[in-house]
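Nothing in this text is a laboratory measurement; each read-out follows from the coordinates by a stated rule. As the structure is a prediction and not an experimental result, all values here were calculated from the model. Note: ideal-geometry Cβ built from the backbone for every residue, glycine included; neighbour counts use all protein chains shown.
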Amino acid sequence: PWRYLGANQELAPLEKGIAHLILTDLSKVTSLRLVEREQLRAVTDEIALGAAQRTEPATAARSGRLVRAARIVQGSFRDEARGGNLRLDANVVATQTGAITARGTASDKLAQLFAMEKQVVLELLQQLRINLSAAERRAIMERPTSDLQAFLAFSRGLDAEDRGDLRAAAQQYEAAVARDPN
């Protein structure tokens, strides 16, 4: 998951949701082979990233090597003091060296979360020198929903599922679908 560095606990479930968006968008790039977040979660749990689930480049590199990944995408988001914006920061970490090989950043109002996420993904891909086909770019630019509250419910569902609370996860997923049936 991404790391939320703010104080508004209503936004904390976006740690899982934003990671899911990034994974979904990267999965649309045919030249990439991805490790599912569940596989990585099992490894990170095993090496005990700590109660705060904080991921540093060196730890990300170690967990990436354990799942045989060449690179790990990690990120954080926070409320900015000025203007009430949300800021997303992502790094791509090479698992062999722990070096950061790409960075992506976006800042805007929370209502622009999906646009910010797309901007970060495209920055990362550009810095990694991954050329996108027109179809891949269109697929990445598709938005999962226009309803931020539906996405927050989905994110809470992911969090509940990761904690093993399948009943709560189902309730949150149902709430997301009720807000946005598409």
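Arranged from highest to lowest average of other beta-carbon atoms within 10 Å per residue, in what order do the peptides 154-160, 114-120 appear?
The most tightly packed comes first, giving 154-160, 114-120.
Note on residue 129 and residue 26: the model spin-label points, each 7 Å out from Cα along the C-beta direction, lie 1.9 nm apart.
For segment 152-161, the Karplus equation 6.51 cos²θ - 1.76 cosθ + 1.60, evaluated at θ = phi - 60°, returns couplings of 4, 4, 4, 4, 5, x, 4, 4, 4, 4 Hz by residue, with Gly and Pro reported as x. For residue 147, nonlocal amide neighbours, meaning residues 5 or more places apart or on other chains whose placed amide H falls under 5 Å from its own, do not occur. If we count every other residue with Cβ under 9 angstrom of residue 140's Cβ, Lys/Arg +1 and Asp/Glu -1, where does the sum land? Residues close to residue 140 contribute a combined charge of +1. Measuring between their Cα centroids, segment 1-27 and segment 110-182 lie 9 Å from each other. Taking θ as phi - 60° and the Karplus parameters 6.51, -1.76 and 1.60, the scalar couplings of segment 174-180 work out to 5, 5, 5, 5, 5, 6, 9 Hz in sequence order, x denoting glycine and proline. Summing Cβ point charges (Lys, Arg +1; Asp, Glu -1) relative to the Cα centre of segment 143-182 gives a dipole of roughly 60 debye.
As a calculated quantity, the FRET efficiency between residue 171 and residue 96 at R0 = 30 Å, using C-beta atoms, amounts to about 0.10.
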